[in-house]
Amino acid sequence: MPCVAQEKCGLGLKDAPPFFGLNLGMNPKQVQSVFGKKLKVKVKKEGSFFQNFINEPPPAFLSGVRAVYLRFFNRQLYQIEIFYEAEEGRVNLDEFVGALSANLKLPRAAWAESNKRFELNCAEFSLVADNVLNPRIELTDEINRAEFEESQKRKNNKK
């Protein structure tokens with residue numbers, strides 16, 4: 001049964017939390033500077049970067065990460081998706097979200113839970129947390145995501 005969030009989240013894009021030194025709005029070159037020589041970001045203007053750490057451990061700066069997915073539009077990082085390594089069995093999602101909120105200084109009471117998924121919808125960004133295969137977060141710049149989706153519709157209509 002879905003719960004209704006008790007608080008509204010009025011945080012803007014500048015208040016979106018960083019993950020492993022990655023911030024929404026970064027360009028590919030800035031992301032590459034965070035990754036250093038360990039990982040190569042080959043995105044110019046638009047596209048995705050994906051790296052998993054199934055067969056090899058992640059670099060030290062991504063400790064505990066199982067996979068990372070970065071999505072770019074107009075040379076800006078608009079979505080950060082991170083799959084974490086599950087520690088000893090299933091992670092309690094409520095505790096995971098509580099720790100995220102505390103560590104990132106996000107309003108815990110503004111999260112809404114529905115279908116084993118927590119979502120925080122703020123003024124300009126959203127943060128989703130779930131635990132389908134592994135604990136996962138998805139941080140999205142909602143303004144750039146909408147612009148990306150609109151550009152995809154225009155491209156598809158030209159076909």
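So here's what we get for this one:
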| read-out | value |
| --- | --- |
| Viscosity 0.890 mPa s, temperature 25 °C, Stokes-Einstein D of segment 71-124 from Kirkwood C-alpha radius, µm²/s | 186 |
| Percent accessible area from carbon and sulfur atoms, segment 71-159, protein chains only, probe 1.4 Å | 47 |
| Charge sum, other residues only, whose C-beta stays under 14 Å from Ala102's C-beta, Lys/Arg counted +1 and Asp/Glu -1 | 0 |
| Phi to ³J(HN,Hα) by Karplus 6.51 cos²θ - 1.76 cosθ + 1.60 over segment 15-22, Hz, x for Gly, Pro | 9, 4, x, x, 10, 6, x, 9 |
| Binned Cα-Cα distance frequencies in segment 21-84 - 10 Å width, integer % | 23, 57, 19, 0 |
| Quotient of Cα Rg and 2.2 N^0.38 Å for the chain, N being how many residues it contains | 1.07 |
| Amide H partners (placed H, <5 Å) of Cys122, local residues excluded | Leu127 |
| Pairwise centroid distance, computed over Cα atoms, of segment 101-138 with segment 13-87, Å | 18 |
| Residue-normalised accessible area of segment 13-80, expressed per residue, 1.4 Å probe, Å² | 57 |
| For the chain: relative contact order, % (alpha-carbon pairs under 8 angstrom, 6 or more apart) | 26 |
| Given charges at beta-carbon only (K, R positive; D, E negative), |dipole| of segment 14-112 in Debye | 740 |
| Length added when fully stretched, Leu93-Lys155, from 0.36 nm per residue minus Cα-Cα | 18.5 nm |
| Amide H contacts under 5 Å for Asn134, placed H, 5+ residues apart | none |
| Convex hull volume per residue for segment 3-57, taking Cα atoms only, in Å³ | 159 |
| Average Cα contact separation per residue, segment 33-118, under 8 Å, 6 or more apart, as relative contact order % | 19 |
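The values are calculated or read from the model by the stated rules, or taken from the named source; none is laboratory data. Predicted model, so just to flag it, every value in this text is computed and none were measured. Cβ atoms come from the backbone with ideal geometry, glycine included; neighbour counts cover every protein chain shown. Ligands, DNA and RNA are stripped out before the accessible areas are found, and what is left, the full protein with its side chains, is counted by its heavy atoms. Shrake-Rupley method; radii C 1.70, N 1.55, O 1.52, S 1.80 Å.
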